[in-house]
1. Mind listing whichever residues of the range 50-68 are over 13 Å from the mean Cα position of the chain (by Cα) and either assigned to a helix (DSSP H, G or I) or buried (at least 20 other Cβ atoms within 10 Å of the Cβ) (or both)?
2. What number goes with the only condition from (1) surrounded by 14 or more Cβ atoms within 10 Å (Cβ to Cβ); (2) of a type outside the set (Asp, Glu); (3) free of Cβ contacts under 8 Å to residues at least 40 places away in the same chain that Leu130 does not pass?
3. If a residue must be surrounded by fewer than 23 Cβ atoms within 10 Å (Cβ to Cβ) and free of Cβ contacts under 8 Å to residues at least 24 places away in the same chain, how many such residues does the range 92-113 contain?
4. Consider the range 224-251. How many of its residues are touching a helix residue (DSSP H, G or I) at 6+ places or on another chain (Cβ under 7 Å) and not in a helix (DSSP H, G or I)?
5. Return yes or no: is Ile190 in contact with a Lys or Arg (Cβ under 7 Å, 6 or more places away or on another chain) and surrounded by fewer than 22 Cβ atoms within 10 Å (Cβ to Cβ)?
6. Inspect all residues belonging to the range 226-241 and state whether any of them is surrounded by 10 or more Cβ atoms within 10 Å (Cβ to Cβ) and in contact with a strand residue (DSSP E or B) (Cβ under 6 Å, 6 or more places away or on another chain).
7. Among Tyr118, Tyr88, which is over 30 Å from Phe225 (Cα atoms), touching a residue at least 60 places away in the same chain (Cβ under 8 Å) and in the same structural domain as Ser45 (by TED's automatic domain parsing)?
Amino acid sequence: MADIKKEAISLGKDFAFALFVLFIVLGSLFIYSGRWPPMVVVESSSMSHSEASQLGVIDTGDIVVVKQTSYNDIVTYVEGRASSHSTYGQYGDVIIYRPMGSDQRTPIIHRPIVYIEYNSTSRSFDVPSLSNLEFGTDWWSPQGEDRWWGLDSTLSIINYGHSDVNVTINLGNLLNYEHSGFITMGDNNITPTEGRYDQLFGSICPAPVKGEWVEGKARGELPWFGILKLSLMGRTEDVPSNSVVSLLISIAVIVVLPFLIEGIKDQIFPKDNDEDESEEDSEELEEESVPPPIT
């Protein structure tokens, strides 16, 4: 009975310690991200760079930390291409935003291609970030060489992303919304010849993404463990097969690792059995030296 009680107390302490560590981790993530929950599970393959998952790239089933930020601090693909700033295997940041600002729709995690500024005077868009790239090599517009202001036709970003496709943005359609915002696209939302950005007519988010629609930008990831949630939701069709294998290996390591550490610790710091045996012998001698009772 004493051994069972001792074991129960030990398990209780381990459980309490595990909860304490979890609280510290989640609390730290909340402080860092500035939002709750501080993480999101990637549910689609729109940001993948291949059929197999890759570390450092956002794949289906990954858990991504979301850091709250101002839209002024977001680096677009165009800006990242000029400054060599990259995240998740490509130029620019990755943002999480609410399509059309709706709280009723699932947030989208995509890369902002470029920020376009609505000019109400000329009813057109100005794109100052294009001035840092080379016309004809990095971008193109039919409205004239090096003209990044007063654009109301089309704007093409040349050799975009890991697939080197052209992304041609129809600015004329976007003028109907009469506001500034980001043009966004998933890294994997491409055809053999062109990229399909989110603001295509009738697509994910027809209007440019306003700054207030952005929930934050992706910062860091925990690969594969979001598959557990997707399995409960029955949405694992886009999960790469090597992600499942990696998850199972990771879980096995987590389960086995404490036992390995305990075994190594016993090898380095063996218990002193001789001391325990000497204490037992001394107790037996004391019992033998006690005289029998007199009747």
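The values are calculated or read from the model by the stated rules, or taken from the named source; none is laboratory data. Since we're looking at a predicted model, the values are computed, not measured. Positions of Cβ are backbone-derived with ideal geometry, glycine not excepted, and every protein chain shown enters the neighbour counts.
1. The answer is Ser53, and nothing else.
2. Unmet for Leu130, out of (1) surrounded by 14 or more Cβ atoms within 10 Å (Cβ to Cβ); (2) of a type outside the set (Asp, Glu); (3) free of Cβ contacts under 8 Å to residues at least 40 places away in the same chain: (3).
3. Residues flagged as surrounded by fewer than 23 Cβ atoms within 10 Å (Cβ to Cβ) and free of Cβ contacts under 8 Å to residues at least 24 places away in the same chain within the range 92-113 amount to 4.
4. To start, the set of residues in the range 224-251 that are touching a helix residue (DSSP H, G or I) at 6+ places or on another chain (Cβ under 7 Å) comprises 224-225, 227, 236, 239, 243-244, 247.
Still in the running and not in a helix (DSSP H, G or I): 224-225, 236, 239.
Qualifying residue count, the range 224-251: 4.
5. On the way: in contact with a Lys or Arg (Cβ under 7 Å, 6 or more places away or on another chain): yes; surrounded by fewer than 22 Cβ atoms within 10 Å (Cβ to Cβ): yes.
Against the criterion (in contact with a Lys or Arg (Cβ under 7 Å, 6 or more places away or on another chain) and surrounded by fewer than 22 Cβ atoms within 10 Å (Cβ to Cβ)), Ile190 qualifies.
6. Yes, the range 226-241 contains a residue that is surrounded by 10 or more Cβ atoms within 10 Å (Cβ to Cβ) and in contact with a strand residue (DSSP E or B) (Cβ under 6 Å, 6 or more places away or on another chain).
7. On the way: Tyr88 fails: over 30 Å from Phe225 (Cα atoms).
Criteria check complete, one pass: Tyr118.
Let's see how each residue does on (1) small (Gly, Ala, Ser); (2) over 18 Å from Ile116 (Cα atoms):
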| site | (1), (2) |
| --- | --- |
| Pro142 | no, no |
| Arg147 | no, no |
| Ser153 | yes, no |
| Ser156 | yes, no |
| Asn159 | no, yes |
| Ile169 | no, no |
| Met185 | no, no |
